[in-house]
Structure formats: C-alpha cells, structure tokens
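The values are calculated or read from the model by the stated rules, or taken from the named source; none is laboratory data. Everything numeric here is computed off the predicted structure, so don't read it as measured data. We place every Cβ from the backbone using ideal geometry, glycine too, and count neighbours over all the protein chains shown.
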Amino acid sequence: MTFGQPKGVINGEGSRRRPTCVIALEGELDVRTATEGHKRLLGLHLPPGGRLVVDLSEITFMDSTGIRFLLLAREHARRCRATVVIVSGPDHVMRVLELVGLGEQLEIVAPDQGAAMPVR
C-alpha cells in the first residue's frame, strides 16, 4: 500500500482550501496488508474539516479485512471531524462493498474525480 501526502484542494469557486489526505492503495487489501495500513492510518494528521480520500482504483483483491479497513478509515475521519471519500475500484472489488451494503453507506466517487473533487 502507498500513502499520498496531504494536499490542499480548491473548491469550484476557488474560495477556500480543504486539507486532504490521500491513501492510494494498490494490490491486495487483505489480512496481510490491512493491519499495517490501519497503523499508518491512525498516524495520519487529518485536521477538522479535512477530507480523507481512500483510493481503491489499483486494488486487485479485497476481503473482509479490507472492508474493516474502510470502516476504520471512516471512523478515524469522524473522530477527527473530517469526511471520508472512497475512490471506486475495479468491479469485482466494488461488488464486495455492494454485497455487504456499504455501497450506500460510503461516499464513493469515480476514479477520475478522486481527490480533485470540489468541496461541498
């Protein structure tokens, strides 16, 4: 897994900046990788009002541990008073999220939107 550096994202009007931390994941998100990812997630500085973007576009496999990682990311963002956005992955990865009902509970955007999506 790779973790991006915090970035400022400008909304559509260009009137304010919103700190964004991007976690770009690649390969398998399973029991072997999710534990280390969780440790690194907890070490991220996510300011109040910021945004955590979890990019699944390069994930090749995700099991229930990966689902737990996404839920922990959402909880970490909430504790920091920030938001979390999931960049969708391949169809077989997104199907896992749909099967467990997370497709409707998480804010999911297309890969071409990613961290550059406007602030609402």
Report task. With the condition kept exactly as written, say whether any residue in the stretch 24-43 is outside any loop (DSSP other than H, G, I, E, B), touching a strand residue (DSSP E or B) at 6+ places or on another chain (Cβ under 9 Å), crowded, with 19+ Cβ neighbours inside 10 Å and basic (K, R). Result -> no
Query - Any pair with Cβ under 8 angstrom, 6 or more apart, that starts in the stretch 89-108 at a residue that is modelled with pLDDT under 95 and ends at one that is in a loop (DSSP other than H, G, I, E, B) and aliphatic (A, V, I, L, M) - result: L97/L106
**Report entry** Top-ranked residue of the stretch 58-82 - restricted to ones that are out of contact with any helix residue (DSSP H, G or I) (no Cβ under 6 Å at 6 or more places or on another chain) and assigned to a strand (DSSP E or B), ranked as surrounded by the fewest Cβ atoms within 10 Å (Cβ to Cβ)
**Finding:** T60
Requested in this report: Test each condition in (1) assigned to a loop (DSSP other than H, G, I, E, B); (2) in contact with a strand residue (DSSP E or B) (Cβ under 6 Å, 6 or more places away or on another chain); (3) modelled with pLDDT of 90 or more for G49 and report the one that comes out false.
Outcome: (2)
